[in-house]
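Okay, so here's the structure we're looking at.
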Amino acid sequence: MKQHISHESGERALIAAIRSRAGRSGGGGLRLGIGDDCAILRPPAGHEIVVTTDLSLEQVHFRRDWHPPESVGHRCLARGLSDLAAMGSKPLGAFLSIALPPELTIREKGKSWLDRFLDGLLALADQAGVPLAGGDTAQSPSLAARGGMQSGLAAADIVLVGSVKQGRALLRSGARAGDKIYVTGNLGGAAAELLAIGRHPEKFAGAHKMQAGHPHLFPAPRILIASRLASARRIHSAIDVSDGLSTDLAHICEESGVAAEIDAEAIPIHPLALQAELDGWVASALGLALHGGEDYELLFTAAKGVQIPRRVASVEVHAIGQIVARRGRRPSIVLRQRDGKTTALESGGWEHFSAQ
Ligand SMILES: Nc1ncnc2c1ncn2[C@@H]1O[C@H](COP(=O)(O)OP(=O)(O)O)[C@@H](O)[C@H]1O
Ligand SMILES: Cc1ncc(C[n+]2csc(CCOP(=O)(O)OP(=O)(O)O)c2C)c(N)n1
Ligand SMILES: [Mg+2]
């Protein structure tokens, strides 16, 4: 039976409970998991190690009054898995560092916030076949003394370690002039659902389980699609859409020293984004698709002549434009409108430390 966590017994008990729940699923790449000073991972022969880390910070990446705890856990792991996917790599182990105010470890009606966070994280870990191999646990300091409304903020950092066949990682820097640009799934859904949550958080409080139709609360990292694309050896460059298409495509252009043209008509827009426009919440669904972020779809490029299937692992793949040579002061990304006119596409996605 799965254990649940009670705060009374402190850090040791929290770790013991997490340890008892941490799966040992995966391809046998974990030699030693939770319990020692370090975990020991064993990558397959002929593979290189890839590592990514991402912070999930309360009030920045989630809100306790908007996001069910299961979603916070799912999204925390999904962000790291999506980065591994974007490199064409497979996960070996996940490392979770958490700082929590004490009330989030106390059980109410059977489960604490942390129990439910782990339910969400471990369900996705199970599905992706990645063991929780370690982490760190700390108490977040009280802010009440400084007149704050709550005792402290929650933060979780996820580190994912994966492996990829030597020399086969998909890089941001491999795009070449003449490549076609592709994106998996559709865009703008995560931003649209977040808008809906902000308007009526109570409608989303029951979204406890990983389920389709919740692009923000339960995004599906594209690990399988990426590993199929990478094994075909035809992909020149890749990134995942975390900050927004306009910003993430600019990262590819910058790292590859190229420019890009994308067709507004060809961009697959999520139905929730179209609905947000119909409901008058945003001026344009295309704006959400271009700049929304957190869709965790794959954005990649391949030479023009390469046949990319329209559907990979049951997910649609859309050609949205082409990579072109960078010329002088020309804007690095241009958007071709329906009438054929082109406009410069500025990076309008998420950026920390900017006035948003
Ligand atoms: N505080 C930091 N210290 C060192 N490297 C960092 C730091 N923050 C980001 N990076 C590195 O900068 C690069 C871009 O990061 P980021 O834009 O966050 O990528 P992603 O969208 O994949 O998370 C990555 O190589 C990342 O490891
Ligand atoms: C409460 C709340 N407000 C706003 C957002 C939207 N948001 C927060 S961070 C972010 C961009 C992605 O986060 P970042 O830390 O830049 O991830 P990375 O690119 O490093 O993977 C977006 C769209 C959110 N998820 N939750
Ligand atoms: Mg990052």
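The values are calculated or read from the model by the stated rules, or taken from the named source; none is laboratory data. Computed from a predicted model, the values in this text were never measured in an experiment. Positions of Cβ are backbone-derived with ideal geometry, glycine not excepted, and every protein chain shown enters the neighbour counts. Heads up: the accessible areas ignore ligands, DNA and RNA and are worked out on the full protein's heavy atoms, side chains in. Shrake-Rupley method; radii C 1.70, N 1.55, O 1.52, S 1.80 Å.
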Å² of accessible area per residue within the stretch 8-165, as computed with a 1.4 Å probe and no ligands counted: 46
Semi-axis lengths, Å, the chain, gyration tensor of Cα atoms, sqrt of 5 times eigenvalues: 36, 25, 17
Kirkwood Rh and Cα Rg combined as Rg/Rh, the stretch 8-165: 0.99
Just to verify a number: FRET efficiency for T53 and R199, C-beta to C-beta distance, R0 = 30 Å, to 0.05? 0.40
Over the stretch 125-270, what relative contact order in percent results from Cα pairs under 8 Å that are six or more residues apart? 32
One quarter of the convex hull surface, Cα atoms only: what value does that give for the stretch 159-213 in nm²? 7.2
Relative to the first principal axis of the alpha-carbon coordinates of the chain, what is the inclination of helix 189-199, with its axis defined by its Cα atoms, in degrees from 0 to 90 and to the nearest 10? 50
Here FRET efficiency (C-beta to C-beta, A319 to D65, R₀ 51 Å, nearest 0.05) is 0.80
All-pairs alpha carbon distance profile, the stretch 172-344, 5 Å steps from 0, percent: 2, 9, 17, 21, 20, 14, 9, 5, 2, 1, 0
Accessible surface ranking that places the most exposed of C38, C253 first, with a 1.4 angstrom probe: C38, C253
Keeping all protein chains in position, work out how much accessible area E255 exposes to a 1.4 Å probe, and write it in Å² to the nearest 10. 110
Per the helix-only model, the chain has a calculated mean residue ellipticity at 222 nm (DSSP H runs of ≥4, -39500 (n - 2.57) each, divided over all residues, rounded to the nearest 500) of -8000 deg cm²/dmol
Partner lysines for K180 [C-alpha distance under 19 Å; skip if fewer than 8 residues away on the same chain]: K304
Counting DSSP beta bridges with both ends in the chain, the antiparallel % (nearest 5): 75
Suppose each label sits 7 Å from its Cα in the direction of the beta carbon; what would the H208-A45 distance come out to in nanometres? 4.7
How would I239, I49 rank on accessible area, largest to smallest, probe 1.4 Å? I49, I239
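Please compute the contact order of the chain in relative form: average sequence separation of alpha-carbon pairs under 8 Å and at least six residues apart, divided by the residue count, as a percent.
21
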Residues in the stretch 108-138 that a label on R24 would reach, taking backbone N under 14 Å of a point 7 Å out along Cα→Cβ: 131-133
Given N residues in the stretch 122-241, what is its alpha carbon radius of gyration divided by 2.2 N^0.38 Å? 1.43
Please find the FRET efficiency linking R310 to D136, where r is the Cβ-Cβ separation and R0 is fixed at 35 Å, and quote it to the nearest 0.05. 0.20
Treating cross-link reach as a plain straight distance, find the lysines whose alpha-carbon is under 23 Å from the alpha-carbon of K165, omitting any fewer than eight places away in the same chain. K90
Give the residue list of trypsin sites (Lys or Arg not before Pro) in the stretch 100-194 that are DSSP loop and have at most 13 other beta-carbon atoms within 10 angstrom. K109
Measure nothing but the geometry: give the 0 to 90° angle between the long axis through the Cα atoms of 245-256 and the longest principal axis through the Cα atoms of the chain, rounded to 10°. 70
State the extension gain, in nm to one decimal, for the chain segment bounded by A344 and R330, taking 0.36 nm per residue of separation less the distance between their alpha-carbons. 4.2 nm
Using all Cα-Cα distances in the stretch 271-356, what percent lands in each 10 angstrom bin from 0 up to the longest? 12, 34, 41, 12, 0
Extension gain R168-C38, at 0.36 nm per residue separation less the Cα-Cα distance, in nm? 44.0 nm
Please pull out the direction-averaged projected area of the stretch 252-311, using the convex hull of its alpha-carbon atoms, in nm² to one decimal place. 5.5
